[in-house]
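Reading through the structure tokens given below for one structure.
The values are calculated or read from the model by the stated rules, or taken from the named source; none is laboratory data. As the structure is a prediction and not an experimental result, all values here were calculated from the model. Virtual Cβ from ideal backbone geometry, glycine too; neighbours counted across all protein chains shown.
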Amino acid sequence: MDIKQLHCFTTVAKHLNFSEAAKHLAITQSTVSYQIAELERQLDMKLFVRDKHSVKLTTSGTIFAQEVTRILADLNEAVNKAWMAKSGAAGNLQIAFLSSMERVLGDVVKRFAVTHPNINLALNHPSMQALHDGLKDGSVDAGVTFSIGIEPGDPLNYQRLSCEDTAVIMPLDHPLATREHLCLADLKGVPIVAMTRESGFAASDWAMERFAKRGFIPNIVRRTSDLGTLLFMVESGLGVAVLTRQTVEYYSNLKLLARKLEDEDLAVEVMLAWSKHSTNPCLPLFLREFGVRGL
């Protein structure tokens, strides 16, 4: 049996009239009769009781009609979902972002969930290193990260979202809090708490290179892989941290001071990144929320 036979059968079952079924199917009545006869032959059972005045479903025909109607509805739904997936109107997107980047993604995610309800956004905030690795191996469709670590030849596309100021993060009563102007050289010998190198090779190397340019090695006394823990250590007086000022503003519940570093080589950019080779049809729809066109 084939789909045409099943459609023919359910149409006759609905109207209980071969002539009416033929009109709805836009085929001849003889074709309808042939399709039903062929279906009954293949099933080796009678589906209809016919005489000159009426058409009725047999008991077997009634049960078969119920099941076939359900199967055809499921098939239509499957086809529609497949077409939606092909067009990008339905599917899944893996979106990664660094801690505190919720401030960049919040409005976009809210708007996208309303305009594309059939696309599931899986959101997570891994370490910078894991985010970059995920973009390159395809396990992450798009990510919001810093420009730190971007290299020529990366298999990624980028769009700049904003520029952020690097700052010294300190407790309100820290000796440096009285200084209106700071530069990286002022941190020589000052206890510093930092993220682990494993959580972001690029960020760690970027910072160490800039300390080296000033002729000293930073006095890093503690490291952690969690940003919230890092800021708690700063608030507790264990050391200062070097982060972007905007990152700390997201943690407004902490009693911290962010003093901008005035060195010209410390500004960093917030970037939207995605693979040049992505085949996920949902991705262009997400990128359009950021003004990206022509993928």
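Tabulated results
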read-out: Where a residue in the stretch 13-36 is of a type in the set (Gly, Ala, Ser) and its partner, wherever it lies, is in a loop (DSSP other than H, G, I, E, B) and surrounded by fewer than 16 Cβ atoms within 10 Å (Cβ to Cβ), with Cβ under 7 Å and at least six apart; value: ALA22/THR28
read-out: Residues of the stretch 230-243 satisfying the condition of being out of contact with any Phe, Trp or Tyr (no Cβ under 8 Å at 6 or more places or on another chain) and surrounded by 14 or more Cβ atoms within 10 Å (Cβ to Cβ); value: LEU230, PHE232, MET233, VAL234, GLU235, LEU238, GLY239, VAL240, ALA241, VAL242, LEU243
read-out: Yes/no for VAL104 being touching a residue at least 40 places away in the same chain (Cβ under 8 Å), of a type outside the set (Gly, Ala, Ser) and not in a strand (DSSP E or B); value: yes
read-out: Helices (runs of 4 or more DSSP H) lying entirely in the stretch 153-250 (those with 3 or more residues that are among the aromatic types (Phe, Trp, Tyr) and either under 30 Å from ALA142 (Cβ atoms) or free of Cβ contacts under 8 Å to residues at least 60 places away in the same chain (or both)); value: 201-213
read-out: Pair list, Cβ under 7 Å, 6 or more apart: the stretch 58-79 residue β-branched (Val, Ile, Thr), other residue at pLDDT 90 or above; value: THR58/LYS46; THR58/LEU47; THR58/PHE48; THR58/VAL49; VAL68/LEU6; VAL68/PHE9; VAL68/THR10; THR69/THR10
read-out: Search result, residues across the stretch 56-101 that are within 30 Å of ASP226 (Cβ to Cβ) and either modelled with pLDDT under 90 or in a loop (DSSP other than H, G, I, E, B) (or both); value: LEU98, SER99, SER100, MET101
